[in-house]
Amino acid sequence: MKTTDTVTPGVESPDPSGGAGPAVAKTAAPTPRKESKSEGAVLNVFSHGVLIIWAIMVVMPLLWAVMTSFKTDRAIFTSPWSLPDSLHFENWSRAWSQAHMSDYFMNTIVVVGGSLVGTLLLGSMAAYVLARFDFPGNRFIYFLFIGGMSFPIILALVPLFYVMQNMALLNTPHGLILVYIAYSLPFTVFFLTAFFRTLPTSVAEAAFVDGASHTRTFFQVMLPMAKPGLISVGIFNFLGQWNQYLLPTVLNTEQDQKVLSQGLVQLATSQGYKGDWSGLFAGLVMAMLPVLAAYIIFQRQVVAGLTAGAVK
Amino acid sequence: MQHGKYRFIVGFLAAPLALYALFVIWPFIQSIYYSLTDWSGLSPEFGFVGFDNYSRMLDDEIFWKSLQHSLTLAVVLPLVTVGLALFFAFMLNVGGRRRRGAAIAGVRGSAFYKIVYFFPQVLSIAIVALLFQFAYNPNSGAINSALKLVGLGSIQPDWLGDPKLALICVMAVLVWSTVGFFVVLFSAGMASIPRDFYEAALLDGANRFTTFFKITLPLLWDTVQSGWIYMGILALGAESFAVVQIMTVGPNGGGPDYSTVVLPLYVYQKAFRDGQAAYATTIGVALLLVTLAFAAVVMKLGRRERLEF
């Protein structure tokens, strides 16, 4: 073992029982007690042990799902933990075409694409005005927006269903897009208002003095400057909207309009009766892979985007 | 910057505000009004009945069951999730072997652990629920087969089919899917605590246990508290709805024998299965009150001197 815990030469070792004053603490290199060497080692083994166990608990279900998606139905029931005898890719193609996974994917891409663009555009417009302009009602509108973060969506869903029905928006992609945008606005406005406040005012003022309109200043000067904030809040909204389950379950019940999460749940119910478990697992893994891949590639941005929301 | 200012403000706020008012604010206001009527949701006619729905709710056994389950989730889930996450985050940041000149050290590979732990956070809660529904399957699910493999074949619980276990199984899934997020969140907080504090504590002879409770936790308190509220709202709202609705048995979940029914699920069932829209909004109002009360209690209990560093 390396001499990790030795006392730095020339610095007197302070009495471990509490004699060290704060002045020493600032200047002296840390001088752990003798027994801390073994304590450190034991703890190190213990912490790695615990951490690995949880890592296995996280990964196992996912690996199990991947493994199962390549098995025959018979093998799924008789030996759930054994490796597949051969890779049954037909499960995947069956899920993709016959079980409508391709349709669910397309629906999700359309709805999430539309609402993501709309959320970022409308959210940044509202946030910019609320952050940068003084006008009567500014605070009221701001709190109206952020108040939406703490209300349970389910309470609004019952009347919302009938609002949508009256406007002929039920079971339409554009209806779902509008609702996604509306429910994403509270957090987006909250986050971007704080962000716009941190940006320097001088650039926008210079542009304005040069004769650019407010609108032009916003689109050509402020939005490019706000890019980091837009990316963070964009990732947050992308994952939230991609994974949305409650809103489409209530507002989007037509078979050929279903999005991924609700399509899968429906598949589980119907395939369960048909007994096509392998196809179902293939669909499940298919739905998991894109987000997991995106997460692994954009790991830093995803974590920053998601945690940025919770700390502030 | 006065020129055209108000026209600009109105132009930029009109669309977002209109959308928000129409799809979020208006339905919320309507739902409180509907809770005072006998509206079925199926026909446009309804009459004003005052507080009848509320008194009916107080006599509704299933309402009390779902309230009890929701409250259990709101208390137990944050406790377990935040507790586990703090433990893991502390291990990641302080549990490592000390290197030269460092008072504390993170374990080797902490970046890797954080990446892996975060996996479930990016998955849809619907996918997670489906996955675990299979894992819990009593006959051929992953868990019972694993028990058989390690020689515990005599223990084959019915998991989701057992009224005593079902709610615990549901909670375990929610813990599984959210711990990683808080590990990453708390790790970031811990990394920003100045090293001097740990060095001083070690010189004073503090062990890691004391260090955690005297230094790490107090300095992290704000983050822990907002995590606590976030987790509680999640447990009362959409996430618990999805897990219970998808995983547990019954026409729309909540079984066996109402042993897992939670408030948001009960709202959904009353409104969209039983055609009792007005009564559903009444339960929704109760859910809103519970959520607000929860947040208030946590903020009140968690209030302490703010520590700056």
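Listed peptides A:136-147, B:229-240 appear in the order B:229-240, A:136-147 once ranked by packing, highest mean of other Cβ atoms within 10 Å at the front.
Region A:56-108 and region A:208-240 have Cα centres lying 42 Å from one another. The spacing between region B:190-241 and region B:1-31, judged by their C-alpha centroids, is 39 Å. Inverting the pair-averaged 1/r between distinct Cα atoms of region B:84-200 gives 16.6 Å as its Kirkwood hydrodynamic radius. Here chain B is treated with +1 on each Lys and Arg Cβ and -1 on each Asp and Glu Cβ, and its dipole about the Cα centre works out to around 1460 debye.
Under the shape rule built on the C-alpha gyration tensor, where the axes satisfy a ≥ b ≥ c, region B:227-297 is oblate, since a/c reaches at least 1.5 while a/b does not exceed b/c.
How much accessible area is lost when chains B and A come together, counting both sides, with a 1.4 Å probe, in Å² rounded to the nearest 100? Don't jump to the answer; show the numbers that get you there.
Numbers: alone 17800 and 18880 Å², together 27200 Å².
It comes to approximately 9500 Å² buried between B and A.
Ligands, DNA and RNA left out, the accessible area of region A:54-152 computed with a 1.4 Å probe is 73% carbon and sulfur. Think of region A:64-206 as a dipole: +1 on every Lys or Arg Cβ, -1 on every Asp or Glu Cβ, centred on the Cα centre; then among A:Y104, A:I146, A:N171, A:I146 lies furthest on the positive end. Rounding to the nearest 10 and keeping the result within 0 to 90°, find how far the Cα-based axis of helix B:125-136 lies from the longest principal axis of chain B. Approximately 80 degrees, to the nearest ten.
What is the extension gain from B:Y33 to B:A21, computed as 0.36 nm multiplied by their sequence separation minus the C-alpha to C-alpha distance, in nm to one decimal? Numbers along the way, then the final one.
Values: separation 12, 0.36 × 12 = 4.32 nm, distance 1.62 nm.
Contour length minus the Cα-Cα distance gives 2.7 nm.
At 0.36 nm per residue, and after removing the present C-alpha to C-alpha distance, how many nm does the segment from A:M106 to A:V66 gain when stretched out fully?
Numbers: separation 40, 0.36 × 40 = 14.40 nm, distance 2.23 nm.
12.2 nm is the gain from fully extending A:M106 to A:V66.
With a 10 Å cut-off around each Cβ of A:48-61, the average count of Cβ atoms from other chains is 6.
Rounded to the nearest whole Hz, the Karplus-based 3J(HN,Hα) values (6.51 cos²θ - 1.76 cosθ + 1.60, θ = phi - 60°) of region B:289-295 follow the sequence 4, 4, 4, 5, 5, 4, 4, with x at glycine and proline. Between the residues B:W159, B:L42, B:L301, the greatest Cα displacement towards the positive end of the dipole of chain B, with unit charges on the Cβ of Lys, Arg, Asp and Glu, is found for B:L301.
To the nearest 0.05, how large is the calculated FRET efficiency for A:V42 and A:I296 if R₀ is 35 Å and r is the Cβ-Cβ distance? Taking R0 as 35 Å, the efficiency between A:V42 and A:I296 is 0.55.
Other chains' Cβ within 10 Å of B:268-279 residues: what's the mean? Can you show the working numbers first?
Numbers: counts 6, 0, 1, 6, 6, 0, 0, 0, 1, 4, 1, 1.
Mean number of neighbouring Cβ atoms from other chains: 2.
Here the protein assembly as shown is assigned +1 on the Cβ of each Lys and Arg and -1 on the Cβ of each Asp and Glu. Its dipole about the Cα centre then comes out at about 1660 debye. Taking label points 7 Å from Cα along the Cα-to-Cβ direction, A:M167 and A:V209 give a separation of 4.3 nm. Within region B:1-125, the proportion of C-alpha pairs whose separation exceeds 25 Å stands at 66%.
Skip the ligands, DNA and RNA, and give the accessible area per residue of the protein assembly as shown with a 1.4 Å probe, whole Å².
Details: 27200 Å² over 621 residues.
About 44 Å² of surface per residue is accessible.
Comparing each chain alone with all protein chains together (probe 1.4 Å, DNA, RNA and ligands left out), the residues of region B:162-193 losing at least 10 Å² of accessible area are B:W176, B:V179, B:F181, B:V184, B:L185. With a threshold of 25 Å on the Cα-Cα distance, the over-threshold entries among A:K71/B:K148; A:K71/A:K258; A:K258/B:K270; B:K65/B:K270; A:K71/B:K114 are A:K71/A:K258; A:K71/B:K114.
Give me the net charge for the shell around B:F51: Cβ to Cβ below 15 angstrom, other residues only, Lys and Arg +1, Asp and Glu -1. Don't skip to the answer; put the middle values down first.
Numbers: positive: B:R56; negative: B:D38, B:D52, B:D59, B:D60.
With Lys, Arg at +1 and Asp, Glu at -1, the net is -3.
Applying 1/(1 + (r/R0)^6) with R0 = 51 Å to the Cβ-Cβ distance of B:T210 and A:T253 gives a FRET efficiency near 0.35.
Once C-alpha pairs closer than 8 Å and six or more residues apart are averaged by separation and normalised to the residue number of region A:173-292, the relative contact order reads 23 percent. The modelled label-to-label distance between B:V150 and B:L301, using points 7 Å beyond Cα along the C-beta direction, is 3.2 nm.
The calculated P(r) of chain B, using every Cα pair and 10 Å bins from 0, goes 5, 20, 24, 22, 17, 8, 2, 0 in percent.
Across peptide B:36-47, the average count of Cβ atoms from other chains found within 10 Å of a residue's Cβ is 1. When the trypsin sites (Lys or Arg not before Pro) in region B:134-234 are filtered for DSSP coil states and for at most 12 other beta-carbon atoms within 10 Å of their beta-carbon, the remaining sites are B:K164.
Across the options B:P27, B:I283, B:F8, the greatest Cα extent toward the positive end of the charge dipole of chain B (unit charges at beta carbon of Lys, Arg, Asp, Glu) belongs to B:F8.
What FRET efficiency comes out for the pair B:Y258/B:F46, r = Cβ-Cβ distance, R0 = 22 Å, nearest 0.05?
Working: r = 28 Å, r/R0 = 1.26.
Plugging the Cβ-Cβ distance into 1/(1 + (r/R0)^6) gives 0.20.
Between A:S202 and B:I62, the simple label model (points 7 Å from Cα in the Cβ direction) yields a spacing of 6.5 nm.
For the protein assembly as shown, rounded, prolate or oblate, judged on the Cα gyration tensor with a ≥ b ≥ c (square roots of eigenvalues), a/c < 1.5 rounded, else prolate if a/b > b/c? It is oblate, given that a/c is not under 1.5 and a/b is not larger than b/c.
The values are calculated or read from the model by the stated rules, or taken from the named source; none is laboratory data. Here the structure is a predicted model, which means the values were calculated and not measured. Methodologically, a virtual Cβ is constructed for each residue, glycine included, from the backbone with ideal geometry; neighbour enumeration extends over all protein chains shown. These area figures cover heavy atoms from the full protein model, side chains too; ligands, DNA and RNA do not enter into them. Shrake-Rupley method; radii C 1.70, N 1.55, O 1.52, S 1.80 Å.
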